[in-house]
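We did not get these values from a lab; they are worked out from the coordinates using the rules stated. The structure displayed is predicted, hence computed values, not measured ones. Virtual Cβ from ideal backbone geometry, glycine too; neighbours counted across all protein chains shown.
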Amino acid sequence: MCIIADMAPLPLTDPDNLLVLLAVARTGRFTTAAEALQLNHTTVSRRIDSLERDLGGHVLARSVGAWELTELGRRAVHAAEQIETALQTLGTGAEEPQSQLSGMVRMSATDGFSAYIATPAVTQLRKRHPGISVEIETVTRRALQHRSGVDIEVVVGEPQVHRASAFRLGDYLLGMYASRPYLAEHGEPRNAEQLTRHPLVYFVDSMLLVDDLDAPRRLVPTMRDSLSSTNVFVHVEAARAGAGIGFLPCFMADQHDDLVRLLPDDFAERLPYWMVLRPDSLRLPAVAAVAEALRAQAKAYTPQLLGQAR
């Protein structure tokens, strides 16, 4: 993380232009920033152009699907955050304590984490700070190298990232599960060789973006696919419906008494959840509060994540 305090001061510029840049930096898009600021896209573009003329260089660079800050842009955003903090302080009255946090936080996480960790964590946080709003994109992928528009990412496996901070949230366990009616009809496998005679319910192999999640194809490569999906909730419901044997997160499968875990000594894949944050996002009190809430909820949920709660 760069030490901004040691940098030369920025040239004088319109503070409103800095706040527009701050909105673009947080969303990654002119259109989304315009909506947040209740401006039109042309006005946002014009203000960024004006800011770049004042500062004598580019503050944004185009990346895949979003805008990224340049080094000059990061310095400008730091100044904009100070302006925003000052304005929030001025707007804080006696009836609203300064400890009350507010702001929009955008995060991405896997389906299961979003439902069982992020949702209760954010709900409890908003009871204390109702001014915080959180948008969650559910996706299973590697950590992004260019993450404008996302304040927090939760990914499976240790991320290899630059200009970002990464924190390990904890581990979770996956195992083989089948429904009781399925086992009554097809028999319960007693070893790995018998397991391979059954169809697999899991991710679409060609669309799996996380190498750490390839365990079924590595452990039982001869299992044929039954019903595949990019959504883990589909995996759970397909296994419950009798589509085959699902390789499922224990903290999700153990919610259902009609699912039976199979061969737990042979199939117990332990994977880590990691949280990735942009340095400029981490400086925002609302983002820091959401990140801490996620860490606390993940820790409290450890027995379920490790399949020890059933």
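Please report His41, His78 as a ranked list, fewest other C-beta atoms within 10 angstrom at the top and most at the bottom.
Working: His41 14, His78 19.
Final ranking by Cβ density, sparse to dense: His41, His78.
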Task: Charge dipole magnitude, Cβ of K and R +1, D and E -1 - the chain, Cα centre, debye nearest 20 - done: 80 debye
- [ ] Please work out the C-alpha center-to-center distance from the stretch 250-288 to the stretch 166-229 and express it in whole Å.
- [x] 17 Å
- [ ] Go ahead and collect, in residue order, the members of the stretch 201-215 whose backbone nitrogen is under 18 Å from a label point 7 Å along the Cα-Cβ direction of Glu137.
- [x] 208-210
TODO: Scan around Arg106 for amide H atoms under 5 Å from its own, H built in the peptide plane at 1.01 Å from N, and keep only partners 5 or more places away or cross-chain.
DONE: Glu135, Asp151, Ile152
Task: Farthest toward positive dipole pole in the stretch 256-310 [+1 Lys/Arg, -1 Asp/Glu at C-beta], among Ser281, Gly307, His256 - done: Ser281
Task: Net charge dipole size for the stretch 7-90 [Lys, Arg +1 and Asp, Glu -1 on Cβ; Debye, nearest 20] - done: 180 debye
TODO: Output the direction-averaged projected area (hull surface divided by four) of the convex hull of the alpha-carbon atoms of the stretch 7-90, in nm².
DONE: 5.4 nm²
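Please state the equivalent ellipsoid semi-axes for the stretch 171-270: what are the square roots of 5 times the Cα gyration tensor eigenvalues, largest first, in whole Å? It would help to have the intermediate numbers written out before the result.
Values: eigenvalues 64, 43, 37 Å².
Equivalent ellipsoid semi-axes, largest first: 18, 15, 14 Å.
So for the chain, what are the equivalent ellipsoid semi-axes in whole Å, largest first, each being the square root of 5 times an eigenvalue of the Cα gyration tensor? Each step should come with its number before you reach the end.
Details: eigenvalues 412, 83, 48 Å².
Its equivalent ellipsoid spans semi-axes of 45, 20, 15 Å.
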- [ ] Using DSSP, restrict attention to beta bridges with both residues in the chain and report what percent are antiparallel, rounded to the nearest 5.
- [x] 65 percent
Task: Counted charge near Pro181, where neighbours are those whose Cβ lies closer than 13 Å (Asp, Glu -1; Lys, Arg +1) - done: -2
Task: Amide H within-cut-off set for Leu60, under 5 Å, with H built and near neighbours excluded - done: Thr70
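Once you charge only the Cβ atoms, +1 for Lys and Arg and -1 for Asp and Glu, what is the size of the charge dipole of the stretch 171-270 about its Cα centre, to the nearest 20 debye?
The dipole magnitude comes to about 240 debye.
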- [ ] Using θ = phi - 60° and the Karplus relation 6.51 cos²θ - 1.76 cosθ + 1.60, list the HN-Hα couplings for the stretch 244-259 in order, rounded to whole Hz, with x at every Gly or Pro.
- [x] x, 9, x, 9, 10, x, 4, 5, 9, 5, 5, 6, 10, 5, 7, 9
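Cβ under 12 Å from Asp225's Cβ, Asp225 left aside: what net charge do those residues give with Lys, Arg +1 and Asp, Glu -1? Please report the intermediate quantities before stating the final value.
On the way: positive: Arg217, Arg224; negative: Asp205.
Neighbour charge sum, excluding Asp225 itself: +1.
What is the packing order of peptides 292-304, 231-243, taking the mean over residues of other C-beta atoms within 10 Å and listing the highest first?
Values: 292-304: 17.2, 231-243: 19.7.
My ranking of the peptides, most packed first, is 231-243, 292-304.
Can you give the Rg/Rh ratio of the stretch 223-306, where Rg is from the C-alpha atoms and Rh is the Kirkwood radius?
Details: Rg = 16.8 Å, Rh = 15.4 Å.
Taking Rh as the inverse mean 1/r over Cα pairs, Rg/Rh reads 1.09.
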Task: Karplus-derived HN-Hα couplings along the stretch 185-190 (A = 6.51, B = -1.76, C = 1.60, θ = phi - 60°), whole Hz, x at Gly and Pro - done: 7, 10, x, 9, x, 9
